[in-house]
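A.B. asks: Before we start, here is the structure in question, set down as structure tokens.
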Amino acid sequence: MSGAVEILGVHMEVGAGAERFEALHDVSVSIAPGEFVCLLGPSGCGKSTLLGALAGHLAPARGELRVDGEGVRAPHPERGLVFQQHTLFPWLRVVDNVAYGLKMQGVAREERRARALELIARVGLAGFESRYPAQLSGGMQQRVEIARVLINRPRVLLMDEPFGALDALARARMQQLLLEVWADIRTTVVFVTHDIDEALFLADRLLVMSARPGRIVDDRRLDFARPRTQQLLTTPGFAALKRHCLDLLHHGQAAMPLPRVTPLGAPAEAGDPLAVQ
Amino acid sequence: MDASHDGRGLASGLTPHSSGQPAANTGSRRRPDPSPRLLAALAQLVSVGAFVALWQLLAASHANFGIVTFANVPTPVAAADAALELLRSPKLARHLGFSLWRVGAGFAAAAVVGVALGLAIGRFAGVRRTLLPPLELLRPIPAVAWIPLSILMFPSTELSMVFITFVGALFPILLNTIHGVDGVDRRLVASARSLGTGRWQMFAQVIVPAAAPGIATGLAIGMGTCWFCLVSAEMISGQFGIGYYTWESYTLQNYGGIIVGMLVIGLFGMGSSALIRLAARAAMPWTAGEVS
């Protein structure tokens, strides 16, 4: 699998009728196969909208998105999407949730169960395969969500603030887990977040976005050595970059914050911790 | 009680150091409180008993209050007699059999039509636009009001009664199914699409399981209304059936039978509804209590 992503002159609009506004203005990015890219920006800057377009749920008003040269038209398993609140099927056990993608591909029952169990162990949930999602903690649910997407061996992994609803400790554990799993599979990752620490810790490359309208204001490589550890967070190099990002992000903050929009184009739900009040 | 021991069974010379009070207590143990559940059960028994006793009193004394009279109301004793008689009679099986067949057939038809239509209406805007308006027009009509038309439309008396039970069960099932489909989380559908679910697979793999709790509610309610409609239909037409038996008891002046019929109807109605709920819970194991 390769997973080269091209975003060419994309303009996007969100909302209906009188509330329609321009979420993204002339965004162009080229992402190499296997790159871990973080989209960093405040709520409402269009990063989730861009992710939705990459996933195939939203169509751009102008411009084009391509993966390995092919235009993105509709959702597809090779562009896996992980939401912030899990979307596991409550009526399926963990193993059946994870194996779902293979079932849709027509893989035989025994084989897909075996592959699902393998992946479940890989994300550290061995022993929980017979549970229902409602019987898991938030962090565990997100792990199953990630496993469910990864089983399709996607070329691009799209993640919309996947750890945003978790507490700080769980978040740190999940970031570590994600990097470990990614080191094995090396799929292209586009990771959306508003947390600077998270973005700097995870990414090979950082795209900073600003709002009103959404556009990319900074694009830099992060050359911190891999594998990355929590100690990185307190090194001077990290702190300098963080300061730089804070400056960039606060530059546009005088204006009223925009409502947060999900990758499906809908306003964030009432219980969403990241929704603007 | 031995004065050397306080109520906790400790010898008074060994009082706990934390207590600043004199060791000796009254020396008598408190009786344990009766369990709250036992009390609640007793209360229920007493209140039901009082109701039955009051009924016996009113009926046996032929109490007459002008606007309401108990002159012809059967006593609990008479009802019990009629019950025993019915239990021993070969007609019981026949009455029950007919009622069960009518409910079963009507409910099954309503379940198939209601769920299928509900899924289609819930999922396809075009279907909703065309089919929902006429259905909404028919909905307020109580099933019982259909009886005369049903007799005209169906030459077979049995089918005309099954039609009534069908109509009775249809609307709760249909509307709860639509509601269930409407309530499916958009994000579940989006994720399913991202995972490669085809259009028709979406129905079986996602929509139906997600809407299942709503459908189950509709089926349980529909079963209840089905019995309700059946009884009215049987009182008016047909032979055999529990509703018919109830009405026949009135015309033959076997007044105790009226009470028996009423109770049997209530029992079967509630019982079958409860059975549906139980079956639904067994079919949807993920709705059992959550463990955090």
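The values are calculated or read from the model by the stated rules, or taken from the named source; none is laboratory data. Everything numeric in this text was worked out from a predicted model, so none of it was measured. Here the Cβ is made from the backbone with ideal geometry for all residues, glycine too, and neighbour counts use every protein chain on show.
A.B. asks: In this structure, does residue A:183 turn out to be in a helix (DSSP H, G or I), in contact (Cβ under 8 Å) with a residue 24 or more places away in the chain and farther than 18 Å from residue A:84 by Cα? First the steps, then the outcome.
C.D. replies: Details: in a helix (DSSP H, G or I): yes; in contact (Cβ under 8 Å) with a residue 24 or more places away in the chain: yes; farther than 18 Å from residue A:84 by Cα: yes.
Taking the combined requirement at face value, the residue satisfies it.
A.B. asks: Condition check: assigned to a strand (DSSP E or B), over 25 Å from residue A:139 (Cβ atoms) and at pLDDT below 90. Does residue A:18 satisfy that?
C.D. replies: Numbers: assigned to a strand (DSSP E or B): no; over 25 Å from residue A:139 (Cβ atoms): yes; at pLDDT below 90: yes.
In short, no.
A.B. asks: In addition: Tell me yes or no: at least one residue of region B:152-160 is within 29 Å of the chain's Cα centre (by Cα), surrounded by fewer than 18 Cβ atoms within 10 Å (Cβ to Cβ) and either within 14 Å of chain A (Cβ to nearest Cβ) or in contact (Cβ under 8 Å) with a residue 24 or more places away in the chain (or both). Outline the logic, then answer.
C.D. replies: As a first pass, look at region B:152-160 and keep what is within 29 Å of the chain's Cα centre (by Cα): B:157-160.
Next cut, surrounded by fewer than 18 Cβ atoms within 10 Å (Cβ to Cβ) only: B:157-159.
Checking which are either within 14 Å of chain A (Cβ to nearest Cβ) or in contact (Cβ under 8 Å) with a residue 24 or more places away in the chain (or both) leaves us with B:157-158.
Yes, because at least one residue in region B:152-160 is within 29 Å of the chain's Cα centre (by Cα), surrounded by fewer than 18 Cβ atoms within 10 Å (Cβ to Cβ) and either within 14 Å of chain A (Cβ to nearest Cβ) or in contact (Cβ under 8 Å) with a residue 24 or more places away in the chain (or both).
A.B. asks: Sticking with this one: Can you confirm whether residue A:99 is under 18 Å from residue B:288 (Cβ atoms), among the small types (Gly, Ala, Ser) and within 11 Å of chain B (Cβ to nearest Cβ)? Talk me through it step by step, then tell me what you get.
C.D. replies: Details: under 18 Å from residue B:288 (Cβ atoms): no; among the small types (Gly, Ala, Ser): yes; within 11 Å of chain B (Cβ to nearest Cβ): yes.
Against the criterion (under 18 Å from residue B:288 (Cβ atoms), among the small types (Gly, Ala, Ser) and within 11 Å of chain B (Cβ to nearest Cβ)), residue A:99 does not qualify.
A.B. asks: Mind counting the residues in region A:188-234 that are touching a strand residue (DSSP E or B) at 6+ places or on another chain (Cβ under 7 Å) and of a type in the set (Ser, Thr, Tyr)?
C.D. replies: 3
A.B. asks: For residues that are modelled with pLDDT under 55 and in contact with a Lys or Arg (Cβ under 7 Å, 6 or more places away or on another chain), tally how many sit in region A:222-271.
C.D. replies: So the answer is 1.
A.B. asks: State all residues of region B:163-195 that are within 14 Å of chain A (Cβ to nearest Cβ), surrounded by 24 or more Cβ atoms within 10 Å (Cβ to Cβ) and either over 24 Å from residue B:129 (Cβ atoms) or of a type in the set (Lys, Arg) (or both); if no residue qualifies, say none. Walk me through it before giving the result.
C.D. replies: Going residue by residue through region B:163-195, those that are within 14 Å of chain A (Cβ to nearest Cβ) are B:180, B:183-195.
Still in the list and also surrounded by 24 or more Cβ atoms within 10 Å (Cβ to Cβ): B:180, B:191, B:194-195.
Scanning region B:163-195 gives B:191, B:194, B:195.
A.B. asks: Which of the residues that make up region B:231-248 are surrounded by 21 or more Cβ atoms within 10 Å (Cβ to Cβ) and assigned to a helix (DSSP H, G or I)? Walk me through how you get there before you give the answer.
C.D. replies: Of region B:231-248, the ones surrounded by 21 or more Cβ atoms within 10 Å (Cβ to Cβ) are B:231, B:233-234, B:241-246.
Of everything in region B:231-248, those that are surrounded by 21 or more Cβ atoms within 10 Å (Cβ to Cβ) and assigned to a helix (DSSP H, G or I) turn out to be B:231, B:233, B:234, B:242, B:243, B:244, B:245, B:246.
A.B. asks: Residues being under 27 Å from residue A:197 (Cα atoms) and either without any contact (Cβ under 8 Å) to a residue 60 or more places away in the chain or buried (at least 24 other Cβ atoms within 10 Å of the Cβ) (or both): count how many of those fall in region A:14-27.
C.D. replies: Going through region A:14-27 one residue at a time, the tally reaches 3.
A.B. asks: Within region B:196-243, work out how many residues are closer than 30 Å to residue B:99 by Cα and within 14 Å of another protein chain (Cβ to nearest Cβ). Talk me through it step by step, then tell me what you get.
C.D. replies: Restricting attention to region B:196-243, the residues satisfying the condition of being closer than 30 Å to residue B:99 by Cα are B:212-243.
Next, only the ones that are within 14 Å of another protein chain (Cβ to nearest Cβ) stay: B:212-216.
Residues in region B:196-243 being closer than 30 Å to residue B:99 by Cα and within 14 Å of another protein chain (Cβ to nearest Cβ): 5 in total.
A.B. asks: Which members of region A:44-69 meet the condition of being in contact with a strand residue (DSSP E or B) (Cβ under 6 Å, 6 or more places away or on another chain), surrounded by fewer than 21 Cβ atoms within 10 Å (Cβ to Cβ) and either within 9 Å of chain B (Cβ to nearest Cβ) or of a type in the set (D, E, K, R) (or both)?
C.D. replies: Of everything in region A:44-69, those that are in contact with a strand residue (DSSP E or B) (Cβ under 6 Å, 6 or more places away or on another chain), surrounded by fewer than 21 Cβ atoms within 10 Å (Cβ to Cβ) and either within 9 Å of chain B (Cβ to nearest Cβ) or of a type in the set (D, E, K, R) (or both) turn out to be A:62, A:64, A:66.
A.B. asks: Moving on to the next point. For residue A:123, only one of the following conditions fails: (1) surrounded by fewer than 19 Cβ atoms within 10 Å (Cβ to Cβ); (2) among the aliphatic types (A, V, I, L, M); (3) away from every other protein chain (no Cβ under 14 Å). What is its number?
C.D. replies: Tallying (1) surrounded by fewer than 19 Cβ atoms within 10 Å (Cβ to Cβ); (2) among the aliphatic types (A, V, I, L, M); (3) away from every other protein chain (no Cβ under 14 Å), residue A:123 fails exactly one: (1).
A.B. asks: For residue B:146, work out the one condition from (1) in contact with a Leu (Cβ under 9 Å, 6 or more places away or on another chain); (2) at pLDDT 90 or above; (3) crowded, with 18+ Cβ neighbours inside 10 Å it doesn't fulfil.
C.D. replies: Among (1) in contact with a Leu (Cβ under 9 Å, 6 or more places away or on another chain); (2) at pLDDT 90 or above; (3) crowded, with 18+ Cβ neighbours inside 10 Å, the lone unmet condition for residue B:146 is (1).
A.B. asks: OK, next. Look through region B:137-170, keep the residues that are outside any helix (DSSP H, G or I) and touching a helix residue (DSSP H, G or I) at 6+ places or on another chain (Cβ under 6 Å), and return whichever of them is farthest from residue B:222 (Cα to Cα). Show your work before the answer.
C.D. replies: Residues of region B:137-170 that are outside any helix (DSSP H, G or I), as a first pass: B:139-142, B:154-156.
Those still in the list that are touching a helix residue (DSSP H, G or I) at 6+ places or on another chain (Cβ under 6 Å) too: B:139, B:154.
Details: B:139: 13, B:154: 22 Å.
It comes out as B:154.
A.B. asks: Further question: Please enumerate the residues belonging to region A:70-94 that are away from every other protein chain (no Cβ under 14 Å) and touching a residue at least 24 places away in the same chain (Cβ under 8 Å). Step through it out loud before you land on a result.
C.D. replies: Keep residues of region A:70-94 that are away from every other protein chain (no Cβ under 14 Å), which gives A:70-71.
Result: no residue meets the conditions.
A.B. asks: Please determine whether any residue of region B:249-269 is buried (at least 17 other Cβ atoms within 10 Å of the Cβ), part of a loop (DSSP other than H, G, I, E, B), at negative phi and touching a residue at least 60 places away in the same chain (Cβ under 8 Å). So that I can check it myself, show each step before the final result.
C.D. replies: To start, the set of residues in region B:249-269 that are buried (at least 17 other Cβ atoms within 10 Å of the Cβ) comprises B:249, B:254-261, B:264-265, B:268-269.
Then keep just the ones that are part of a loop (DSSP other than H, G, I, E, B); that gives B:254.
Pick out the ones that are also at negative phi and you get B:254.
Checking which are touching a residue at least 60 places away in the same chain (Cβ under 8 Å) leaves us with B:254.
Yes, some residue in region B:249-269 is buried (at least 17 other Cβ atoms within 10 Å of the Cβ), part of a loop (DSSP other than H, G, I, E, B), at negative phi and touching a residue at least 60 places away in the same chain (Cβ under 8 Å).
A.B. asks: Hey, another quick one. Any residue at all in region A:132-153 that is under 30 Å from residue A:244 (Cα atoms), in contact with a helix residue (DSSP H, G or I) (Cβ under 6 Å, 6 or more places away or on another chain) and surrounded by 18 or more Cβ atoms within 10 Å (Cβ to Cβ)?
C.D. replies: Just the residues of region A:132-153 that are under 30 Å from residue A:244 (Cα atoms), to begin with: none.
The answer is no, given that none of the residues of region A:132-153 is under 30 Å from residue A:244 (Cα atoms), in contact with a helix residue (DSSP H, G or I) (Cβ under 6 Å, 6 or more places away or on another chain) and surrounded by 18 or more Cβ atoms within 10 Å (Cβ to Cβ).
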